[in-house]
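Chemist: Have a look at this one before I ask anything.
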Amino acid sequence: MEPVEITAPGLLLRPWRAADAPAVLAALVDPEIVRWNGQGVGDLTQAATWIARRADWSDGSHASLAVTGDTDGTLLGAVSVHQIRDGNAAVGYWTSAPARGRGVAGRALDALTNWAFTRLGLHRIELCHAVGNPASCRVAARAGYRLEGTLRESHRYGDGHRHDEHLHARLTTDP
């Protein structure tokens with residue numbers, strides 16, 4: 001699978017670049033990202049390694065994109081489709097502190113989901129988030145992911161504790 005660019009209103013989803021390392025580091029040390037989406041990035045070397053892993057789509061198991069402003073190229077977040085197998089996948093995302101509350105995650109997630117259904121031929125995409133993260137519940141709903149239930153103590157988050165998660169999913173047949 002080759003990296004692509006995807007547009008969404010006001011956004012460009014593009015392949016990761018080595019030059020993104022300072023912005024990635026700044027975002028991934030943000031306490032809210034560490035809490036809900038800990039990435040283990042604490043310096044520029046680790047940020048470069050993080051970028052290199054996400055920029056390599058060669059095994060076909062994931063597609064990870066930087067989310068930027070469509071006019072100024074400012075890094076606003078990240079979105080990925082991963083665990084791709086047998087027509088199913090999962091998605092993940094984060095937004096930088098200045099981008100939160102502006103609908104960035106929902107627009108990026110919707111655009112990536114539509115691309116994944118069309119270009120990757122996926123049938124079902126799942127999204128999980130901690131029950132204690134209501135902002136992610138809103139993002140999922142805005143991107144058309146229906147709430148399917150609660151997974152009890154299913155994931156260990158950045159605080160080191162297992163949390164219940166909401167499971168949302170979207171099917172290619174959903175309106």
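Chemist: Test of understanding: among 49, 45, 113, 68, which residue is of a type in the set (Ser, Thr, Tyr), within 23 Å of residue 136 (Cα to Cα) and assigned to a helix (DSSP H, G or I)? Give the derivation first.
Modeler: On the way: 49 fails: within 23 Å of residue 136 (Cα to Cα); 45 fails: within 23 Å of residue 136 (Cα to Cα); 68 fails: assigned to a helix (DSSP H, G or I).
Answer to the selection: 113.
Chemist: Okay, next question. Can you tell me which residue is nearest to residue 66 (Cα to Cα) among those in region 112-144 that are in contact with a Leu (Cβ under 7 Å, 6 or more places away or on another chain) and in contact (Cβ under 8 Å) with a residue 40 or more places away in the chain? Steps first, answer last, please.
Modeler: The first filter runs over region 112-144 and keeps only residues in contact with a Leu (Cβ under 7 Å, 6 or more places away or on another chain), leaving 112, 116, 123-124, 126, 128, 139-140, 143.
If we keep only those that are in contact (Cβ under 8 Å) with a residue 40 or more places away in the chain too, we end up with 112, 116, 123-124, 126, 128, 139.
On the way: 112: 11, 116: 16, 123: 24, 124: 23, 126: 20, 128: 20, 139: 17 Å.
Per the criteria, the residue is 112.
Chemist: Something else now. Collect the residues in region 147-175 that are surrounded by fewer than 13 Cβ atoms within 10 Å (Cβ to Cβ) and under 17 Å from the mean Cα position of the chain (by Cα), keeping them in residue-number order.
Modeler: Passing the criteria: none in range.
This table checks each residue for (1) touching a His at 6+ places or on another chain (Cβ under 7 Å); (2) over 23 Å from residue 101 (Cα atoms).
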{"site": "136", "(1), (2)": "yes, no"}
{"site": "141", "(1), (2)": "no, no"}
{"site": "145", "(1), (2)": "yes, no"}
{"site": "156", "(1), (2)": "no, yes"}
{"site": "166", "(1), (2)": "yes, no"}
{"site": "171", "(1), (2)": "yes, yes"}
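Chemist: Next up: Give me a count of the residues in region 33-48 that are over 28 Å from residue 166 (Cα atoms) and in contact (Cβ under 8 Å) with a residue 40 or more places away in the chain.
Modeler: Residues flagged as over 28 Å from residue 166 (Cα atoms) and in contact (Cβ under 8 Å) with a residue 40 or more places away in the chain within region 33-48 amount to 0.
Chemist: Between a residue in region 5-32 that is more than 25 Å from residue 114 (Cα to Cα) and touching a residue at least 60 places away in the same chain (Cβ under 8 Å) and any residue that is part of a strand (DSSP E or B) and of a type outside the set (Gly, Ala, Ser), which pairs come within a Cβ distance under 6 Å, given they are 6 or more apart or on different chains?
Modeler: Close Cβ pairs (under 6 Å, with a partner that is part of a strand (DSSP E or B) and of a type outside the set (Gly, Ala, Ser)) amount to 23/75.
Chemist: Restricting attention to region 88-119, report how many residues are surrounded by fewer than 16 Cβ atoms within 10 Å (Cβ to Cβ) and not hydroxyl-bearing (Ser, Thr, Tyr).
Modeler: 6
Chemist: Is it the case that residue 109 is free of Cβ contacts under 8 Å to residues at least 40 places away in the same chain and either under 29 Å from residue 58 (Cβ atoms) or among the aliphatic types (A, V, I, L, M) (or both)? Quick ask: steps written out before the conclusion?
Modeler: On the way: free of Cβ contacts under 8 Å to residues at least 40 places away in the same chain: yes; either under 29 Å from residue 58 (Cβ atoms) or among the aliphatic types (A, V, I, L, M) (or both): yes.
Here the answer is yes, as residue 109 does meet what is asked.
Chemist: Hey, another quick one. Out of all the residues in region 132-173, which are part of a loop (DSSP other than H, G, I, E, B) and at pLDDT 95 or above?
Modeler: Scanning region 132-173 gives 143, 144, 145, 172, 173.
Chemist: Now a separate question. Going through 124, 146, 156, 102 one at a time, which residue ends up being basic (Lys, Arg), out of contact with any Lys or Arg (no Cβ under 8 Å at 6 or more places or on another chain) and at negative phi?
Modeler: So the residue among 124, 146, 156, 102 that is basic (Lys, Arg), out of contact with any Lys or Arg (no Cβ under 8 Å at 6 or more places or on another chain) and at negative phi is 102.
Chemist: Here's a follow-up. Among the residues in region 119-129, are any of a type in the set (A, V, I, L, M) and in a helix (DSSP H, G or I)?
Modeler: Yes, the conditions are met somewhere in region 119-129.
The values are calculated or read from the model by the stated rules, or taken from the named source; none is laboratory data. Values in this document were obtained by computation on a predicted structure and should not be read as measured data. Cβ atoms come from the backbone with ideal geometry, glycine included; neighbour counts cover every protein chain shown.
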